[in-house]
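The values are calculated or read from the model by the stated rules, or taken from the named source; none is laboratory data. None of the values given here were measured: they were computed from a predicted structure. Backbone-built Cβ (ideal geometry, glycine too); neighbour counts: all protein chains shown. Keep in mind that these areas ignore ligands, DNA and RNA; they rest on the heavy atoms of the full protein, side chains included. Shrake-Rupley method; radii C 1.70, N 1.55, O 1.52, S 1.80 Å.
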Amino acid sequence: MSNQRQLVLNLFIYPGGHHEAAWRYKGSEPDRILDITHYQELAQRAEASKFDAIFFADGPALADNVRYAQRFRFEPITWLAAIAAVTKRIGLIATASTTYTEPYNLARLFASLDHLSRGRAGWNIVTTSAPQAAQNFGLPEHPPHHERYERAREYLDVISRLWDSWEDDALVNDPASGIFADTSKIHALDHVGKHFRVRGPLNISRVPQGRPVYVQAGASDDGRAFAARYAEAIFTAHQTLDSAKAFYADIKRQARTFDRGPDEIKILPGISPFIGSTQAEADRLQDEFNELIQPEYSLAQLRQMIGVDLTGYDLDGPVPRHLIDTASVRGVASRFKLVVDIVDREKPTIRQLVQRLAGARGHWVIAGTPEKIADNIQTWFESGAADGFNVMPPWLPGGFDVFAEQVVPILRKRGLFREDYTGTTLREHYGLARPASIYSNAVKAIA
Ligand SMILES: Cc1cc2nc3c(=O)[nH]c(=O)nc-3n(C[C@H](O)[C@H](O)[C@H](O)COP(=O)(O)O)c2cc1C
């Protein structure tokens, strides 16, 4: 294996593809959106390309305008269990909310996924930004941002101790002696806090990875501080190299204040590539998708991001910047700023702006030849902007296939990406240590 620093590559699967109109594209398979074999095949393809993991986003509410786009959600942990059954190495990252779940239940779900997959589970920790979720849980309103993070911090302390509550050698399972478990190595938490009261211990032995890999995607001050303290991988959205470099440096700096080294956190921006044999062909492909967008959907998305409804405005006229009130941020603060920066930097028409966001909701969308995509990936990777990427194909499966067949070999030839797996767990793919239970002492480094 090359001892050169290697890229992390995840396949970020959005049912129907990341471009909002992907389901209408001639190369898509819209009728397979609820066909588990479609996702099993995608995972097998990602595993054949030696990707680190696949990842599903999630939220406990119908968050988008499903009249015009395939934006509903299956529950990802159950879906990943079916994918685990037909794969052996690829990591399996599911999103779950600290605001709308309870630590004990979620600890069991991820412990089951890590056991059944032999150590491939990752948890994308979200506090849930979609305010409509509150209505599904009997809350009068969506908890404010800072309160969600306060709850998330307590949540992480509790769930980490649940996963640690069986020491690694607590499970004996010895029919001869008749001892199944050494109960002196199984620990109650007796946690009483502001948000949770959890006695513990967990009702299953410690998982192969010790704990699932902690993934997070915070962007606000609270989010970044949380990520610097707990996250082992961070998903993030950036349009420019400079913005990505600034984020990368900030997180690594903050991690040091928690005595965490730079290799303990992998920073993974999203990239959504339109690939063609020439630049013109790649541009045409992107135009083909953008011609399929439906303004009713796009303007509703834009309203969620910047709090302004541009219905009725001339799509080929300028974005009315004066209507965007930067003093009172709407929606997800980081996405709000990202869109306002595009408007200020590029002065797009409304149509150009919604087309810009149609590809991946504010993530980096790039059209070009396989060499150009590989060059840009290498530049971000080598200039301190990324430890790897969440690959977000505009459409599936074709958008992933062309990346795997035409870009990955170039990265491999440049020594930037693995020829083959050297480990079997997600921690080993990411080069992360396996944490020991807090009830024992040494941190057991990976082999
Ligand atoms: C790649 C990526 C994936 C995300 N997936 C989800 C998700 O599945 N569910 C969710 O509620 N939020 C998701 N988010 C939003 C983040 O959890 C977070 O709320 C957002 O980046 C704003 O940061 P903040 O929480 O610090 O305000 C995602 C963000 C990124 C960049």
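Quick look at the values:
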item	result
Qualifying residue in region 112-128 (condition: open to solvent by 70 Å² or more (accessible area, probe 1.4 Å) and within 20 Å of the chain's Cα centre (by Cα))	no
Residue match in region 373-381 (condition: closer than 22 Å to Val215 by Cα and surrounded by fewer than 22 Cβ atoms within 10 Å (Cβ to Cβ))	yes
Which listed residue is open to solvent by less than 40 Å² (accessible area, probe 1.4 Å), more than 30 Å from Thr257 (Cβ to Cβ) and aliphatic (A, V, I, L, M), from Ala188, Ala219	Ala188
Residue match in region 144-165 (condition: buried (at least 16 other Cβ atoms within 10 Å of the Cβ), among the polar types (S, T, N, Q), more than 12 Å from the ligand (Cβ to nearest atom) and in a helix (DSSP H, G or I))	yes
Scan of region 222-235 for residues that are under 16 Å from Arg260 (Cβ atoms) and touching a strand residue (DSSP E or B) at 6+ places or on another chain (Cβ under 8 Å), ordered by number	Phe226, Ala227, Tyr230, Ala231, Glu232, Ala233, Ile234
Region 322-335 - residue that is part of a loop (DSSP other than H, G, I, E, B) and more than 13 Å from the ligand (Cβ to nearest atom) and, of those, least open to solvent (accessible area, probe 1.4 Å)	Ile324
In region 51-68, the residues that are crowded, with 19+ Cβ neighbours inside 10 Å and more than 16 Å from the ligand (Cβ to nearest atom)	Tyr68
Residues satisfying the stated conditions in region 279-321, i.e. aromatic (Phe, Trp, Tyr) and not in a loop (DSSP other than H, G, I, E, B)	Phe289, Tyr297
Residue satisfying condition, being touching a helix residue (DSSP H, G or I) at 6+ places or on another chain (Cβ under 8 Å), more than 16 Å from the ligand (Cβ to nearest atom), within 29 Å of Met392 (Cβ to Cβ) and among the β-branched types (Val, Ile, Thr), within set Val198, Val213, Val207	Val207
Search result, residues across region 222-246 that are open to solvent by less than 10 Å² (accessible area, probe 1.4 Å), in a helix (DSSP H, G or I) and near the ligand (Cβ under 9 Å from one of its atoms)	Gly223, Phe226, Ala227
Residue in region 414-425 that is open to solvent by 10 Å² or more (accessible area, probe 1.4 Å) and farther than 20 Å from Glu47 by Cβ present	yes
Among (1) within 16 Å of the ligand (Cβ to nearest atom); (2) without any contact (Cβ under 8 Å) to a residue 60 or more places away in the chain; (3) open to solvent by 50 Å² or more (accessible area, probe 1.4 Å) - the single one Ala85 does not satisfy	(1)
Selection from region 250-308 of residues that are within 22 Å of Leu338 (Cα to Cα) and of a type in the set (Val, Ile, Thr)	Ile251, Ile267, Ile271, Ile293, Ile306, Val308
Neighbours by Cβ (under 6 Å, 6+ apart or cross-chain): first from region 127-139, touching a residue at least 40 places away in the same chain (Cβ under 8 Å) and in a helix (DSSP H, G or I); second open to solvent by 50 Å² or more (accessible area, probe 1.4 Å) and within 13 Å of the ligand (Cβ to nearest atom)	none
Residue count, region 119-133 (criterion: over 15 Å from Ala227 (Cα atoms), aliphatic (A, V, I, L, M) and within 13 Å of the ligand (Cβ to nearest atom))	2
